[in-house]
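Novice: What follows is a single structure, and I will ask about it in a moment.
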Amino acid sequence: MYSRKIRTGIDEVGIQDWGRRLFDSLIPLPDGTSYNSYLIKGSAKTAIIDTVDPAFAEIYLENLSELKNIDYIITLHSEQDHSGTLPMLMKQYPSAELICSPKAKDLLIDHLMLDPAKIRTMDDGELLSLGDKSLQFIHTPWVHWPETMVAYLAEDRILFSCDFLGSHSAGSELFDNDDPAVMEAAKRYYAEIMMPFKSAIRANLKKVRELDFDLVAPSHGPLWNHPEKILTAYEDWVSDRVSNKVVIPFISMHGSTARMVDYFSKELIKRKVEVELFDLTVTDIGKLAMALVDAATIVIGSPTVHMGPHPFVANAAFLANALKPKARYAAVIGSYGWATKMVDGVLGLLPNLKVEVLGSVVCKGLAKDADFAELSKLADLIAEKHKALI
Ligand code: FEO
């Protein structure tokens, strides 16, 4: 049996998915991911926390096959990368009880057709004894589904957090060991998965802050043996603080919008405003999502395609709208051939953003002196707004 020892009676028995490059058929995974699964042997009972993506069910089950008995199979989150192997695991251990949150029960029945008679739900704060170890379940809804919860093992000071505080990366190192690459992966993960749920996460951080732990064991990525770092990072990401930064996702068909973006970004830099440009023909959307975590302003650059925004811009705007970043200001710049409704098209895709629209600069064909002057004025306005904010 392959396992990685965490503490006495606690092992990680999950899967490293080194080759996965896309999650939810949407999210880039430059470093793969892991599906962590935890085996906890108490003096009286044995439990598993979370399973693995069903693509790895055979390897996972074979690995566990030396285990004669499991009393509790705990699922902290019903998404299939953690729950998808539950039906097979329950078949392998027919006497095991499935433990989940009350909201997870229906989801597990609908998604995996599990037998309701085998499912036991845990209320917020409820304890499950394994003998000399006990798990306390804390409901932490909306990280990032409605049914999510965490498990706290007080005797070993470990918080099992599933997606919450996790990171997508495959690796042989069990712990974060203060590696900045792990924090980078965690920020990417937050940006892509958690960012729309900032207020719920704020409340959940307060709940877990009341617990005394020195190790966070998520179900993706390394375990945090420096938990303060990830908790503080999350508290910053969900706070109202924004940076003196403008994120500019753009595309250009014949160079006109690109020239505007180039000029405009330099005008911002001259005014001591940080800029991050994303050419949407080559952009890793995970990097764009990360830039949106704390940017004060988003400026979208688009040419006009059949009167509206370029479809790649529409795609990025749709994504930004879904991620609900905390940006305070927005603007649109770009060009057109003979007529345009591009600006309205872009802004219409951003109803979730609580931003003040600072204006737009749109030119026919190539930008002229008057257009560049308008871009300079927009840069002035952004710099002034940022000064008041930061
Ligand atoms: Fe890792 Fe929401 O699943």
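The values are calculated or read from the model by the stated rules, or taken from the named source; none is laboratory data. Just so we're clear, the structure is a prediction, and the values are computed from it rather than from any experiment. Because the Cβ atoms are built from the backbone with ideal geometry, glycine has one as well, and the counts that use them run over all protein chains shown. Keep in mind that these areas ignore ligands, DNA and RNA; they rest on the heavy atoms of the full protein, side chains included. Shrake-Rupley method; radii C 1.70, N 1.55, O 1.52, S 1.80 Å.
Novice: Nearest 10 degrees, 0 to 90: what angle lies between the long axis of helix 198-209 and the longest principal axis of the chain (Cα atoms)?
Specialist: Helix 198-209 sits at roughly 40 degrees to that axis.
Novice: How much FRET efficiency would the formula 1/(1 + (r/R0)^6) give for ALA373 and ALA44, where r is the Cβ-Cβ distance and R0 is 51 Å, rounded to 0.05?
Specialist: Details: r = 77 Å, r/R0 = 1.50.
The pair ALA373/ALA44 has a calculated efficiency of 0.10.
Novice: Find how many whole Å separate the alpha carbon centroid of the stretch 288-306 from the alpha carbon centroid of the stretch 323-355.
Specialist: Using only Cα atoms to place each centre, the spacing works out to 9 Å.
Novice: Hand me the GluC sites (Glu not before Pro) from the stretch 149-185 located in a DSSP loop with no more than 14 other Cβ atoms within 10 Å, in residue order please.
Specialist: Numbers: sites: GLU155, GLU173, GLU184; in loops: GLU173.
Loop-located and lightly packed - GLU173.
Novice: Shifting gears a bit: Excluding residues fewer than 8 places away in the same chain, name every one of the aspartates and glutamates whose C-alpha is closer than 14 Å to that of LYS198.
Specialist: Hits, sequence-local ones excluded: GLU235, ASP236, ASP240, ASP294.
Novice: Counting only the backbone N, which residues of the stretch 310-340 are under 17 Å from the spot 7 Å out from the Cα of TYR263 toward its beta-carbon?
Specialist: Within reach of a label on TYR263, which here means backbone N under 17 Å from a point 7 Å along Cα→Cβ, the stretch 310-340 contributes 332-337.
Novice: Need one word for the stretch 4-237: rounded, prolate or oblate. Basis is the Cα gyration tensor (sqrt eigenvalues a ≥ b ≥ c); a/c below 1.5 gives rounded, then a/b vs b/c decides.
Specialist: Values: a/c = 1.33, a/b = 1.23, b/c = 1.08.
Cα axes put the stretch 4-237 in the rounded bin.
Novice: Is the shape of the chain rounded, prolate or oblate, going by the alpha carbon gyration tensor and its root eigenvalues a ≥ b ≥ c, with a/c under 1.5 for rounded and a/b larger than b/c for prolate?
Specialist: Prolate, since a/c reaches 1.5 and a/b exceeds b/c.
Novice: Amide H neighbours of ALA330 under 5 Å, counting only residues 5+ apart in sequence or on other chains, H built in-plane at 1.01 Å?
Specialist: Here the answer is ILE298, GLU356, VAL357, LEU358, since their amide H atoms fall under 5 Å of that of ALA330.
Novice: To the nearest 20 debye, what charge dipole does the stretch 146-274 have about its Cα centre, counting +1 at the Cβ of each Lys and Arg and -1 at the Cβ of each Asp and Glu? Walk me through the numbers before you get to the answer.
Specialist: Values: 16 positive and 20 negative charges, 199 e Å.
Here the stretch 146-274 has a charge dipole of around 960 debye.
Novice: Sticking with this structure for a sec: Solvent-accessible area per residue for the stretch 4-237 at a 1.4 Å probe radius, Å²? Let's see the in-between values first.
Specialist: Numbers: 9040 Å² over 234 residues.
The answer is 39 Å² per residue.
Novice: Given points 7 Å out from each Cα along the Cα-Cβ axis, report the ASP344 to ASP214 separation in nanometres with one decimal.
Specialist: 6.3
Novice: Given the Cα-Cα distance of ARG7 and LEU381 and 0.36 nm per residue of separation, how much length would full extension add, in nm? Numbers along the way, then the final one.
Specialist: Numbers: separation 374, 0.36 × 374 = 134.64 nm, distance 5.56 nm.
Gain in length upon complete extension: 129.1 nm.
Novice: Along the Cα→Cβ direction, 7 angstrom out, place labels at LYS206 and ARG157. What is the inter-label distance in nm?
Specialist: With each label placed 7 Å out from Cα toward Cβ, I get 2.6 nm.
Novice: Right, another one. Under 13 Å from a label point 7 Å along Cα→Cβ of LYS287: give me every residue in the stretch 262-278 with its amide N that close.
Specialist: 276-278
Novice: Relative to the longest principal axis of the C-alpha atoms of the chain, give the angle of the C-alpha long axis of helix 311-323, reported between 0 and 90° and rounded to the nearest 10°.
Specialist: 50
Novice: Once label points are set 7 Å from the Cα along Cα→Cβ at both ASP132 and GLU235, what is their separation, rounded to one decimal in nm?
Specialist: It works out to 3.5 nm between the two label points.
Novice: Could you give the distance between the Cα centres of the stretch 207-275 and the stretch 129-206, to the whole Å?
Specialist: 19
Novice: Still on this model: Please work out the FRET efficiency for the pair ARG21 and ASN69, using the Cβ-Cβ distance as r and a Förster radius of 35 Å; give the result to the nearest 0.05. Before the final figure, lay out the partial values.
Specialist: Values: r = 37 Å, r/R0 = 1.07.
Between ARG21 and ASN69 the formula returns 0.40.
Novice: Turning to a different aspect of this structure: Determine the share of the chain's accessible area contributed by carbon and sulfur atoms, expressed in whole percent, with a 1.4 angstrom probe. Write down the numbers at each step before the final one.
Specialist: Values: 8900 of 16300 Å².
Its accessible area is 55 percent carbon and sulfur atoms.
Novice: Report, in deg cm²/dmol and to the nearest 500, the calculated mean residue ellipticity at 222 nm for the chain, where each DSSP H run with n ≥ 4 adds -39500 (n - 2.57) and the sum is divided by the residue count. List each step's numbers first, then the result.
Specialist: Working: 12 runs with 125 residues, N = 390.
Using -39500 (n - 2.57) per qualifying helix, the result is -9500 deg cm²/dmol.
Novice: Can you list which of the trypsin sites (Lys or Arg not before Pro) found in the stretch 43-92 are DSSP loop residues with at most 10 other C-beta atoms within 10 Å? Numbers along the way, then the final one.
Specialist: On the way: sites: LYS45, LYS68, LYS91; in loops: LYS45, LYS68.
Of the trypsin sites (Lys or Arg not before Pro), the ones in loops of the stretch 43-92 whose Cβ has at most 10 other Cβ atoms within 10 Å are LYS68.
Novice: Mind pulling the angle between the C-alpha long axis of helix 227-237 and the longest principal axis of the chain? Nearest 10 degrees, somewhere in 0 to 90.
Specialist: The angle comes out near 30 degrees.
Novice: In this model, which of LYS245/LYS287; LYS45/LYS105; LYS105/LYS324 are farther than 19 Å apart at the alpha-carbon?
Specialist: Working: LYS245/LYS287 15 Å; LYS45/LYS105 22 Å; LYS105/LYS324 29 Å.
Going by Cα-Cα distance, LYS45/LYS105; LYS105/LYS324 fall outside the 19 Å limit.
Novice: I would also like to ask the following. Check each of the GluC sites (Glu not before Pro) in the stretch 198-307 and keep only those in coil by DSSP with at most 14 other C-beta atoms within 10 angstrom; list them in order. Let's see the in-between values first.
Specialist: Working: sites: GLU210, GLU228, GLU235, GLU267, GLU274, GLU276; in loops: GLU210.
Here the GluC sites (Glu not before Pro) that fit, given the DSSP loop and packing criteria, are GLU210.
Novice: Cross-link partners among aspartates and glutamates for LYS368, C-alpha distance below 18 Å, same-chain residues fewer than 8 apart left out?
Specialist: ASP262, GLU267
Novice: Once you have a ≥ b ≥ c as the square roots of the Cα gyration tensor eigenvalues for the stretch 26-115, tell me rounded if a/c is under 1.5, and otherwise prolate or oblate according to whether a/b is larger than b/c.
Specialist: Working: a/c = 1.72, a/b = 1.24, b/c = 1.38.
In terms of gyration-tensor shape, oblate.
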